[in-house]
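Comments concern the structure below.
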Amino acid sequence: MERVSTEDAERDARVDRHGLSDPLGTTDVAVNHYRLAPGEGFPGGVHAHVDQEEVFYVVEGEATFETLAWRSDADRSSGEAASERGEVTVGEGEAIRFAPGEFQSGRNDSDGDLVALAIGAPRDSEDVRIPLACPECGRGDVRLETGGDEPKLVCPDCGDERVPGACPECGHEDLRVALGEGDRTVVVCQDCGAEFEDPPLRD
């Protein structure tokens with residue numbers, strides 16, 4: 001048995017997140033505790049874990065999740081537009097589950113703090129996808145690989161690799177995928193708010 005206080009767990013410098021997996025010694029499940037101020041979001045933008053299911057439990061406040069679903073794997077491979085998208089609000093004492101491969105992004109749209117637990121199984125996710133089309137073959141989602149010196153966008157079909165660049169407007173490097181108008185996704189700079197149809201790429 002292991003016991004830990006969120007205050008004793010290591011805190012992520014970018015967002016008020018305390019990772020509980022290591023202090024608890026979990027081997028099969030990832031557990032993170034978040035406290036998000038109004039206007040803040042869970043890290044990562046719109047993404048899916050192909051090899052992990054995620055559950056978010058709202059302890060205090062309410063979370064708003066953007067969701068995006070493909071009609072079929074064939075549509076994803078061909079880059080066809082998503083058929084289902086929308087927003088789901090999860091209140092205090094409620095939970096939401098995202099199956100492996102379901103695209104989502106969460107944020108705090110309320111006036112008060114959001115406190116939530118994020119639980120993922122298995123613990124380590126190695127196949128994170130973002131809903132951007134491969135510029136080489138048109139597949140509708142690419143794998144985000146962060147294990148090397150710099151992040152890469154890799155097509156799971158043709159193997160095309162691209163390195164994301166900084167915001168052309170302000171030079172900031174924190175860019176995230178968000179849902180835009182209609183069935184399209186956009187890349188948004190987290191510093192200046194500039195939006196781009198396609199991600200800026202390094203040469």
Index of the failed condition, ARG202 passing every other in (1) touching a residue at least 24 places away in the same chain (Cβ under 8 Å); (2) closer than 24 Å to GLY86 by Cα: (2)
Top-ranked residue in segment 97-129 [being open to solvent by less than 20 Å² (accessible area, probe 1.4 Å) and in a loop (DSSP other than H, G, I, E, B); ranked as farthest from ARG17 (Cα to Cα)]: GLY101
Tally, over segment 58-92, of residues that are at pLDDT 95 or above and open to solvent by less than 50 Å² (accessible area, probe 1.4 Å): 7
Residue satisfying all of: in segment 184-194; over 21 Å from VAL128 (Cα atoms) and open to solvent by 60 Å² or more (accessible area, probe 1.4 Å); modelled with the lowest pLDDT among these: ASP191
Answer from LEU132, LEU153 - the residue that is closer than 27 Å to ASP51 by Cβ and assigned to a loop (DSSP other than H, G, I, E, B): LEU132
Some residue of segment 3-26 being open to solvent by 40 Å² or more (accessible area, probe 1.4 Å) and in contact with a Ser or Thr (Cβ under 8 Å, 6 or more places away or on another chain): no
Matching option when the condition is surrounded by 14 or more Cβ atoms within 10 Å (Cβ to Cβ) and modelled with pLDDT under 95, among GLU197, GLU173: GLU173
Residues of segment 27-44 that turn out to be under 25 Å from ASP174 (Cβ atoms) and open to solvent by 50 Å² or more (accessible area, probe 1.4 Å), as a count: 4
Among the residues listed as ALA133, ALA166, the single one being touching a Lys or Arg at 6+ places or on another chain (Cβ under 8 Å), aliphatic (A, V, I, L, M) and open to solvent by 30 Å² or more (accessible area, probe 1.4 Å): ALA133
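To keep it simple, each residue is scored yes or no on (1) within 19 Å of the chain's Cα centre (by Cα); (2) part of a strand (DSSP E or B); (3) closer than 20 Å to ARG143 by Cβ.
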site: GLY159; (1), (2), (3): no, no, yes
site: CYS170; (1), (2), (3): no, no, no
site: GLU173; (1), (2), (3): yes, no, yes
site: ALA178; (1), (2), (3): yes, yes, yes
site: PRO199; (1), (2), (3): yes, no, yes
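The values are calculated or read from the model by the stated rules, or taken from the named source; none is laboratory data. The structure presented is a predicted model; accordingly, all values stated were derived computationally and were not measured. All Cβ positions, glycine included, derive from the backbone under ideal geometry; neighbour counts span all protein chains shown. Surface areas here come from the heavy atoms of the whole protein model, side chains and all, with no ligands, DNA or RNA. Shrake-Rupley method; radii C 1.70, N 1.55, O 1.52, S 1.80 Å.
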